[in-house]
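Participant: Below is a structure I'd like to ask you about.
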Amino acid sequence: MPEGPSLLILKENIKHFTGKKIIAASGYATINFDEIQNRKIVSIKTWGKHLFICLPKNNIEIHLRMFGSYTINKQKAHINPKLHLQFAKEELNFYVADVKLTPNISIYDSAADIMSNKWDTAAAKKKLKPIADRMICDTLADQQIFAGVGNIIKNEVLWRAKVHPETKVKDLAATEISSIIKHAVKYAFEFLQYKIAGTLSQYWNAYNQKKCSRCGNSMVKKYTGKGKRVSYFCTQCQVKK
DNA sequence: ACCCATGTTCAGCT
DNA sequence: TAGCTGAACATGGG
């Protein structure tokens with residue numbers, strides 16, 4: 001169940017495992033468990049929708065994809081963990097997640113992570129230049145440019161910026177691109193707060209909505225862009241150029 | 001009961 | 001060869 005904000009919550013929830021030793025590791029992940037057993041966790045990091053449990057010599061990289069979940073100090077019934085980490089007094093389980101060992105995570109550029117304090121707006125604009133023929137719905141979901149943006153954030157951001165999802169980047173005014181980027185970062189942190197409060201869906205203006213909360217017009221649901229992901233938009237507020 | 005989805009990769013085809 | 005489609009992963013909520 002992950003977009004960038006949910007990964008920050010995950011990191012927060014498991015940060016107390018930092019400094020603790022993995023005394024046993026198992027699960028149906030296709031990794032060499034010997035490489036992580038008896039290692040101490042050095043730090044917990046995130047990049048976009050990726051989680052890194054950093055060990056002295058390598059990192060456990062976890063991606064929850066669409067259906068992934070985790071449990072702390074308990075186990076789910078009727079489903080085996082992809083990765084089970086046993087500590088002296090605690091345990092951590094990941095289900096239906098991609099799990100791999102990544103020796104060097106410096107390939108992940110924190111300037112591209114919308115929730116990182118290293119986020120770089122100018123760098124994102126630069127990356128958009130050569131792909132100006134692509135639709136904004138695709139580029140906003142591009143993890144190399146906006147790591148952490150998922151389909152909910154995409155829809156909410158375009159609604160806030162009053163931009164039609166199928167607009168090509170080259171047809172957007174510079175002010176619109178700035179607005180989209182500003183809203184992406186801003187909404188991601190709002191998403192985080194709503195998610196923590198358990199009120200996320202109450203504050204959706206576009207995603208899963210029938211009516212535009214700005215003008216009352218019907219929202220359109222359409223599979224858009226190369227990615228063919230669902231977009232919800234108001235044809236009155238978000239006019240295609 | 002069935003459909004759909006906060007995601008991504010990859011095989012296989014044109 | 002580039003680009004597209006569908007499959008795969010496999011869960012859970014409406």
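Participant: Can you name the condition, by its number, that A:Lys57 falls short on among (1) without any contact (Cβ under 8 Å) to a residue 60 or more places away in the chain; (2) of a type in the set (Lys, Arg); (3) closer than 20 Å to A:Lys118 by Cα?
Facilitator: It fails just one condition, (3).
Participant: Can I ask one more? Looking at this structure, is A:Thr102 under 26 Å from A:Ser231 (Cα atoms), away from DNA strand C (no atom under 16 Å from the Cβ) and over 16 Å from the mean Cα position of the chain (by Cα)?
Facilitator: Taking the combined requirement at face value, the residue does not satisfy it.
A quick yes/no check of all residues on (1) more than 9 Å from DNA strand B (Cβ to nearest atom); (2) crowded, with 22+ Cβ neighbours inside 10 Å:
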| residue | (1), (2) |
| --- | --- |
| A:Lys129 | yes, no |
| A:Ala132 | yes, no |
| A:Thr139 | yes, yes |
| A:Gln144 | yes, no |
| A:Asn151 | no, no |
| A:Lys154 | no, yes |
| A:Val157 | yes, yes |
| A:Arg160 | yes, no |
| A:Thr167 | yes, no |
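Participant: Only one of these is within 22 Å of A:Val157 (Cα to Cα) and among the β-branched types (Val, Ile, Thr): A:Ile107, A:Ile79, A:Ile114. Name it. Before you say what the answer is, go through the steps one by one.
Facilitator: Numbers: A:Ile107 fails: within 22 Å of A:Val157 (Cα to Cα); A:Ile79 fails: within 22 Å of A:Val157 (Cα to Cα).
None of the others qualify; the one that does is A:Ile114.
Participant: If you check A:Thr199, A:Thr175, which single one turns out to be modelled with pLDDT of 95 or more, surrounded by fewer than 19 Cβ atoms within 10 Å (Cβ to Cβ) and of a type in the set (Val, Ile, Thr)?
Facilitator: Working: A:Thr199 fails: modelled with pLDDT of 95 or more.
Of A:Thr199, A:Thr175, the one residue that is modelled with pLDDT of 95 or more, surrounded by fewer than 19 Cβ atoms within 10 Å (Cβ to Cβ) and of a type in the set (Val, Ile, Thr) is A:Thr175.
Participant: Looking for whichever is of a type in the set (Lys, Arg), at pLDDT 95 or above and assigned to a loop (DSSP other than H, G, I, E, B) here; the options are A:Lys162, A:Lys186, A:Lys182. Which one fits?
Facilitator: Working: A:Lys186 fails: assigned to a loop (DSSP other than H, G, I, E, B); A:Lys182 fails: assigned to a loop (DSSP other than H, G, I, E, B).
Result: A:Lys162 is the single residue among A:Lys162, A:Lys186, A:Lys182 that is of a type in the set (Lys, Arg), at pLDDT 95 or above and assigned to a loop (DSSP other than H, G, I, E, B).
Participant: Against the conditions (1) more than 16 Å from DNA strand B (Cβ to nearest atom); (2) in contact with a Phe, Trp or Tyr (Cβ under 8 Å, 6 or more places away or on another chain); (3) in a loop (DSSP other than H, G, I, E, B), where does A:Ala77 fall short? Just the number, please.
Facilitator: In the conditions (1) more than 16 Å from DNA strand B (Cβ to nearest atom); (2) in contact with a Phe, Trp or Tyr (Cβ under 8 Å, 6 or more places away or on another chain); (3) in a loop (DSSP other than H, G, I, E, B), A:Ala77 misses (2) alone.
Participant: May I pose another question? Can you spot a residue in segment A:158-169 that is out of contact with any Leu (no Cβ under 8 Å at 6 or more places or on another chain), within 16 Å of DNA strand C (Cβ to nearest atom) and over 15 Å from A:Tyr232 (Cα atoms)?
Facilitator: Here is the first cut: in segment A:158-169, the ones out of contact with any Leu (no Cβ under 8 Å at 6 or more places or on another chain) are A:159-162, A:166-168.
Now drop any that are not within 16 Å of DNA strand C (Cβ to nearest atom), which leaves A:166, A:168.
From what is left, the residues that are over 15 Å from A:Tyr232 (Cα atoms) are A:168.
Yes; the residues of segment A:158-169 include at least one that is out of contact with any Leu (no Cβ under 8 Å at 6 or more places or on another chain), within 16 Å of DNA strand C (Cβ to nearest atom) and over 15 Å from A:Tyr232 (Cα atoms).
Participant: So, one more: Would you confirm whether any residue within segment A:105-112 is part of a helix (DSSP H, G or I), modelled with pLDDT under 95 and of a type outside the set (Val, Ile, Thr)?
Facilitator: yes
Participant: Of everything in segment A:43-74, what is away from DNA strand C (no atom under 16 Å from the Cβ) and in a loop (DSSP other than H, G, I, E, B)? Give them in sequence order.
Facilitator: Result: A:Gly48, A:Leu55, A:Pro56, A:Lys57, A:Asn58, A:Asn73.
Participant: Same structure again: For segment A:23-37, which positions are surrounded by 12 or more Cβ atoms within 10 Å (Cβ to Cβ) and either closer than 17 Å to A:Gln75 by Cα or not β-branched (Val, Ile, Thr) (or both)?
Facilitator: A:Ala24, A:Ala25, A:Ser26, A:Gly27, A:Ala29, A:Phe33, A:Glu35, A:Gln37
Here is a yes/no grid of residues against (1) farther than 19 Å from A:Lys100 by Cβ; (2) without any contact (Cβ under 8 Å) to a residue 40 or more places away in the chain; (3) in a helix (DSSP H, G or I); (4) not hydrophobic (A, V, I, L, M, F, W, C):
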| site | (1), (2), (3), (4) |
| --- | --- |
| A:Pro2 | no, no, no, yes |
| A:Ser6 | yes, no, yes, yes |
| A:Ile9 | yes, no, yes, no |
| A:Asn13 | yes, no, yes, yes |
| A:His16 | yes, yes, yes, yes |
| A:Gly19 | yes, yes, no, yes |
| A:Ala29 | no, no, no, no |
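Participant: Only residues that are under 16 Å from A:Pro2 (Cβ atoms) and not in a loop (DSSP other than H, G, I, E, B): list them for segment A:80-91, please.
Facilitator: A:Leu83
Participant: Another one. Taking segment A:196-222 on its own, how many of its residues are of a type outside the set (A, V, I, L, M) and assigned to a strand (DSSP E or B)?
Facilitator: 4
Participant: On to the next question. What do you reckon, is A:Asn59 within 14 Å of A:Lys11 (Cβ to Cβ), polar (S, T, N, Q) and not assigned by TED's automatic domain parsing to the domain that holds A:Gln144?
Facilitator: Spelling it out, A:Asn59 is indeed within 14 Å of A:Lys11 (Cβ to Cβ), polar (S, T, N, Q) and not assigned by TED's automatic domain parsing to the domain that holds A:Gln144.
The values are calculated or read from the model by the stated rules, or taken from the named source; none is laboratory data. Remember, predicted model here, so these are calculated numbers, not experimental data. Please note: Cβ atoms are built from the backbone with ideal geometry, for glycine as well, and neighbour counts cover all protein chains shown.
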